[in-house]
Structure formats: structure tokens, C-alpha cells
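The values are calculated or read from the model by the stated rules, or taken from the named source; none is laboratory data. Please read all numbers here as calculations on a predicted model, not as lab measurements. A quick note on method: Cβ atoms are made from the backbone with ideal geometry, for glycine too, and the neighbour counts reach across all protein chains shown.
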Amino acid sequence: MKVDVLLGLQWGDEGKGKVVDVLTPRYDAVARFQGGPNAGHTLEFEGKKYVLRSIPSGIFQHGQINIIGNGVVLDPVLFRQEAEELEKSGIALRDILRISKKVNLIAPTHRLLDAANEAAKGAGKIGTTGKGIGPTYTDKISRNGLRLGDVFCNFDEKFAAQRARHIARLKALGAEPDAEKLAELDKAWFEAIDYLKTYQIVDSEFLVNDLLAQGKSVLCEGAQGTLLDIDFGSYPFVTSSNTISAGACSGLGVAPNKIGEVFGIFKAYCTRVGSGPFPTELFDETGKTIRDLGHEYGAVTGRERRCGWIDLVALRYAIMLNGVTQLIMMKSDVLDGFDEIKACVAYEIDGKETRQFPFSIEEEIKPVYVTLPGWKTDMTAMQSEDEFPKAFRDYIEFLEKELQTPITIVSIGPDRKQTIVRSRK
Ligand code: GDP
Ligand code: IMO
Ligand code: MG
């Protein structure tokens with residue numbers, strides 16, 4: 001058996017949580033492989049709404065195993081909050097969740113460093129989620145990280161060494177923490193570590209490979225999006241992990257030849273939260289309309305999401321990097337009332353047109369748009385693709401041709417049920 005991967009092709013918030021939940025019944029296990037509580041994955045069903053941050057979106061179906069893989073960074077305090085909420089809603093999380101011994105832990109000082117680094121950047125700040133993601137991955141890569149498996153051996157010593165290093169760095173940044181406040185944060189953190197220890201902490205690389213060997217199927221759930229990838233995204237305005245499909249290999253311990261389908265998920269338009277370039281961003285009424293209709297406010301920070309037209313240059317790049325085999329289009333309902341819809345098919349840079357994603361998108365880029373007629377139909381109650389209006393079918397066909405990849409699922413609303421799986425010819 002192979003693992004399938006589902007990941008975002010834009011700047012995150014494409015609707016990954018919703019679709020992982022919809023696809024979960026097809027799988028035996030669901031696994032997160034990178035990122036941490038910077039993610040906010042929203043699911044809606046039976047009139048209830050959940051936002052997941054570190055816990056995979058496969059926990060609400062039929063007892064599938066859910067795995068937090070080694071590539072994830074975990075904040076024990078936020079994990080505890082999230083897990084306790086879910087347990088209150090009746091999810092038997094301890095039975096279905098497995099956590100890798102190799103996840104790196106986010107400490108209180110990582111979050112303080114995140115804030116201090118941002119403050120030091122001034123106007124050039126990244127606009128991070130403030131969850132300590134960058135500093136935690138920095139410690140991992142510089143071989144100074146604390147891993148969950150460490151809690152079983154000399155942990156206090158390792159923690160103290162890390163803490164002292166962080167405080168020195170914070171002092172250098174002019175952000176020395178208040179000792180009393182930090183002691184409080186540490187206390188809550190250690191209590192959360194004790195809570196975390198009551199979960200099944202495993203060698204998840206063996207778990208995943210054993211599942212595959214037994215003929216079981218695994219869905220990997222990406223966080224963030226391809227344009228936030230540390231190598232290929234709009235650097236430095238990116239997150240600190242590999243969000244692309246290759247990240248599933250290193251973030252779970254599965255070999256590249258074990259990757260099966262790659263589901264690439266995108267919105268029928270485009271959004272971004274935080275700073276950084278966004279070639280098709282709209283600063284006019286249309287952008288505002290998309291934000292209002294799409295409720296485009298961050299699931300983690302509540303920040304306004306910047307909105308713009310779909311960018312096919314960036315999507316082609318993302319499809320190439322991830323080896324996407326199937327596309328999933330989200331939130332087309334947000335455009336249901338539009339007279340016309342634009343799609344950026346190329347960039348004009350220095351008077352020259354290119355279809356290739358450039359080294360830096362911080363330069364002056366003029367998007368080259370194609371304008372398509374809107375479908376002007378409320379599609380939110382539709383049950384099958386047979387009901388799709390002609391203009392919408394034409395839009396799908398246009399995208400499939402431009403992107404050279406089939407769109408196999410269309411999402412027409414936030415609820416689990418508002419999902420149309422297309423038949424494949
Ligand atoms: P994720 O981070 O990729 O899981 O996405 P988020 O949960 O951060 O953001 C997606 C938002 O869009 C959430 O509020 C979802 O409930 C909502 N959503 C998902 N699919 C659809 C859709 O097809 N239509 C509409 N209108 N909302 C959707
Ligand atoms: P999901 O999984 C959207 C953005 C932040 C910031 C940059 C770096 O819900 O799609 P970080 O805290 O990771 O160091 O911030 O990345 N960002 C996201 N934007 N969705 C996310 O996750 C994001 N996770 C991080 O806004 O610009
Ligand atoms: Mg999100």
C-alpha cells in the first residue's frame with residue numbers, strides 16, 4: 001500500500017481540514033507530517049464547527065488511527081487545550097491518537113523568541129502566527145531541539161540548558177522575560193508535559209510503515225501551503241517547514257516510492273495572511289467582497305486574510321513541486337454571485353511575459369488576466385455535478401486545461417455534505 005498526501009497549493013487555509021475529514025472514511029489512518037499549532041484546520045458537520053491545530057483532521061469519522069508525525073512541532077500547552085476540548089465533545093482521543101517520540105517540543109521561550117524576532121525585524125516582519133514555529137525549527141536544525149522522547153531521560157537538565165540559551169538570546173534582542181511570568185509559563189508547560197505523557201507516544205515511522213506492510217491505507221494531512229514552503233515559497237515570508245509532498249517523506253519516515261495519490265487543494269480565488277508578496281492581491285471592492293463572502297479571517301489569529309484572484313502561475317508551480325495527481329477546488333460558492341471572474345495565466349515582469357514562477361515575486365509583477373463569465377447561480381445545495389451550470393463547467397474545464405490536472409472534488413460550502421466528488425472519465 002501507499003500513502004496518499006493532501007496538501008495546500010496556495011498560502012494555506014485552502015480548506016484542508018474539511019477535505020481530510022471528507023476523505024477519512026477511505027483510509028485506515030490519517031497523519032500530520034509538518035507544521036504545528038500555526039495551523040488552523042476547520043471542519044463543519046451536523047451543525048458543529050471544530051478548529052484543529054496540532055491534531056489531525058481524521059478524528060471525527062470511524063475510529064481511524066491518527067498520527068502526529070516526527071516532522072511536527074508540538075506545543076504541550078496548546079495540545080492539552082485542544083485535546084481536552086475534543087475529549088469534552090466525546091472523542092476518545094487517547095484510543096485513536098499516536099504521537100511520534102521525535103516531534104520537537106515548542107517551549108514557552110520559543111514563543112517569546114518568535115515575538116522578539118518579529119519585533120527586531122520591524123517593518124520587514126513576517127507576520128507569523130506567534131506560536132514559536134520558527135525558533136523551534138531553528139533549534140531542531142541547529143541540533144539543539146528537545147524532542148518528546150526526551151521527556152523520559154534527563155529532561156529537566158536538557159530543558160534548563162535550552163531555557164538558559166533562549167534567555168540569553170532574548171536579552172540580546174532587548175526582550176528579557178519577566179522571571180515570575182516565565183516561571184508561571186514553565187509550570188503550565190510541565191503540567192502539560194505530564195498530560196501529554198498519558199497519550200500513546202510511539203516510533204511513528206515504524207507504525208506508518210507497518211500499517212502499509214499490512215495493506216492499510218494512510219492519508220497524510222499537510223499544513224500551511226506550498227507558497228509558504230521553506231525552500232520554494234515566497235522566502236523569507238514563509239513558514240519554517242517543508243510543506244510540499246516531499247515533507248511527508250521526511251516528516252513521517254515514508255520512502256518516496258511509497259507516495260501514491262497527491263491531492264492538491266486550492267481555493268477558486270486566492271488568500272494570504274501575514275506579510276509578503278501576493279501578485280494577484282485585490283485592494284478594491286472585489287477583494288473586500290471576497291473577504292466578506294468567504295469569511296476570510298484567520299482560524300488561529302483572527303487576522304483579516306488578504307484576498308485576490310486565482311493565480312495559475314503559482315498553481316502550476318505548486319502542482320509541479322508536489323507531483324499533484326488530483327486537484328480539489330474549494331469555496332467556489334464564494335464566487336456564485338459574480339458577473340465575471342478573473343484568472344491570472346501569466347506574469348509580466350519588465351515588460352516580458354512569463355508563465356514560470358520567478359525566483360522572487362517581490363519584484364514588480366503585473367498579472368496577465370483572462371476574464372471568464374460568472375455562473376450567477378447559488379450552487380450551495382447542489383448534490384451532484386450534473387446540476388452544475390454551464391458557465392461553472394466551463395470554468396472547471398478552463399482550469400483543468402491550464403493546470404493539466406483533473407479536478408476531482410469541488411467544495412461548495414463549509415459543511416462536510418457540501419462536497420461534490422466528480423466522476424472520472
Ligand atoms: P485549512 O487551514 O486549509 O484547513 O483551512 P481553514 O480552516 O483555515 O480555512 C478554510 C475556511 O473555509 C474554514 O472556515 C472552512 O470552514 C471554510 N470552507 C471550507 N470549504 C469551504 C467551501 O467550499 N465554501 C465555503 N464558503 N467555505 C468553506
Ligand atoms: P493552515 O494549516 C495560513 C503563515 C503566517 C505567516 C507565515 C509564517 O491553517 O493552512 P509561522 O507562524 O508559521 O512562522 O508564520 O506563515 N502561516 C499560515 N497562513 N495558514 C496556515 O496554516 C499558516 N501557518 C502559517 O501567517 O505569514
Ligand atoms: Mg487554516
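Residues that are under 21 Å from Tyr395 (Cα atoms) and under 19 Å from the mean Cα position of the chain (by Cα) were ranked within the stretch 292-307; the one that is farthest from ligand 1 (Cβ to nearest atom) is Cys307. Residues that are within 13 Å of ligand 3 (Cβ to nearest atom) and surrounded by 24 or more Cβ atoms within 10 Å (Cβ to Cβ) within the stretch 1-16 comprise Leu7, Gly8, Gln10, Trp11, Gly12, Asp13, Glu14, Lys16, listed in sequence order. When you check Gly130 against the structure, is it at pLDDT 95 or above and surrounded by fewer than 20 Cβ atoms within 10 Å (Cβ to Cβ), yes or no? Criteria met by Gly130. Against the test of being touching a residue at least 24 places away in the same chain (Cβ under 8 Å) and buried (at least 21 other Cβ atoms within 10 Å of the Cβ), the options Leu86, Leu105 yield a single qualifying residue, Leu105.
Contact map, the stretch 329-347: residues that are on the phi > 0 side of the Ramachandran plot and within 16 Å of ligand 2 (Cβ to nearest atom) paired with residues that are outside any helix (DSSP H, G or I) and at pLDDT 95 or above, Cβ distance under 7 Å, separation 6+ or inter-chain. Pairs shown: Lys331/Gly15; Lys331/Lys267; Lys331/Ala268; Lys331/Gly294; Lys331/Ser411.
In the stretch 14-31, the residues that are on the phi < 0 side of the Ramachandran plot form Cβ pairs under 6 Å with partners that are surrounded by fewer than 24 Cβ atoms within 10 Å (Cβ to Cβ) and β-branched (Val, Ile, Thr), at six or more places apart or across chains, as follows: Gly17/Thr42; Val22/Thr419; Ala29/Ile65; Val30/Thr24.
Scanning the stretch 140-196 for residues that are out of contact with any Ser or Thr (no Cβ under 8 Å at 6 or more places or on another chain), part of a helix (DSSP H, G or I), free of Cβ contacts under 8 Å to residues at least 60 places away in the same chain and not charged (D, E, K, R) yields a count of 14. Can you tell me which residues in the stretch 70-101 are part of a loop (DSSP other than H, G, I, E, B) and in contact with an Asp or Glu (Cβ under 8 Å, 6 or more places away or on another chain)? Across the stretch 70-101, the qualifying residues are Asn70, Lys101. Annotation: of all residues in the stretch 39-61 being near ligand 1 (Cβ under 10 Å from one of its atoms) and in a loop (DSSP other than H, G, I, E, B), the one that is surrounded by the fewest Cβ atoms within 10 Å (Cβ to Cβ) is Gly40.
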